[in-house]
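The values are calculated or read from the model by the stated rules, or taken from the named source; none is laboratory data. Predicted model, so just to flag it, every value in this text is computed and none were measured. For accessibility, only protein heavy atoms count, side chains too; no ligands or nucleic acids. Shrake-Rupley method; radii C 1.70, N 1.55, O 1.52, S 1.80 Å.
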Amino acid sequence: MQLLKKFLMPSLSWIQLEISGLCNASCFYCPHTVFRKNWKGRNLSLSEFNKILPFLKKTELLYLQGWGEPFCNPDFFTFVEIAKKYNTKVGTTTNGTLIEEKHLEKMVDLQMDIIAFSLTGIKKNDTLRQGTSIEKILKTVDKLNEIKLRKNSQRPNINIAYLLLKSNLEELENIPEIFHSRGIENIVVSFLDFIPDKSLEEESLMPKDEEDFKRLSKIIQEITEKAKIKNLSIFFNLPHPFKRREVCSEKPTNALFINSLGFVSPCVFTGLPFDSEQNIHFGNINERSLESLWFSKNYRKFRKAHVSSAPPSVCKNCPKLRIT
């Protein structure tokens, strides 16, 4: 019976798990900051985490991150240790403020696969992301590389998750110089594609037409070539103004998101941990098994619609469906 149950489990590219909906920073563009009064995010419990374990046997990557700061959850490394026993890759994205040297040692010892540090600019980062520090992140990256070298370990891979805004566009050209020779695997540059309030629209650099797209593509090509010269890999999640992909970059047909309240959604953008019109929930892991939620009629209907010519309304205009 156990073998049959494992066979029937879906093979997933990843499960994104918001182990904490809490955050110690105040990034002005983040829904955690914008909707602070209505925010319901909390720390996911160990008993809730255990409910997803059967899925890990056929999941390539467990990503411990959502709208909060993962290291706000005191059980972070317990989650990593358990997940690694299932031979799935484990990663996270962090603002880096709560990480101490003992945590870096633990990451290496547990062979965590990926750690990405969030930045929004270089000189402007600390202003745009109040409560964070680029200086601390760079020191943490250097220390982690030192520990990896001492322990003769290739893991975790170090990434930078860089948010590009109108107010930090001029700093983009400084990325190759700042981040080369720091043992960074990838730099992934994203645009402000989730806009929690209309007042933030002017900060978004998402191309509005073909001309705008070509202008940004030219800038991206120049930065990519500069980075390549310095042996630095940099990728841009640039959405096209109208051309769509068959499946969006969040892969809702073979990946899912669980927020810190236990609700299961297609992606992080549809699973905010508070009452929002943006949300699409197919149930809660505290009420039903993840397996039954994945195979539920409504969830199957959603996945089928997503790849059709008439995707669900919440997906129809989402930039993630147009990332080149």
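Some observations on this one:
- Residue in region 96-103 that is under 24 Å from L293 (Cα atoms) and among the small types (G, A, S) present: no
- Residue within region 127-135 that is open to solvent by 70 Å² or more (accessible area, probe 1.4 Å), of a type in the set (S, T, Y) and part of a helix (DSSP H, G or I) present: yes
- Within region 201-253, the set of residues being modelled with pLDDT of 95 or more, open to solvent by 30 Å² or more (accessible area, probe 1.4 Å) and β-branched (V, I, T) comprises I219, T224, I229, T253.
- Selection of region 39-57 for residues being at pLDDT 95 or above, over 24 Å from S118 (Cα atoms) and open to solvent by 50 Å² or more (accessible area, probe 1.4 Å) yields L46, S47, N50, K51.
- T88 being under 20 Å from T132 (Cα atoms) and open to solvent by less than 10 Å² (accessible area, probe 1.4 Å): no
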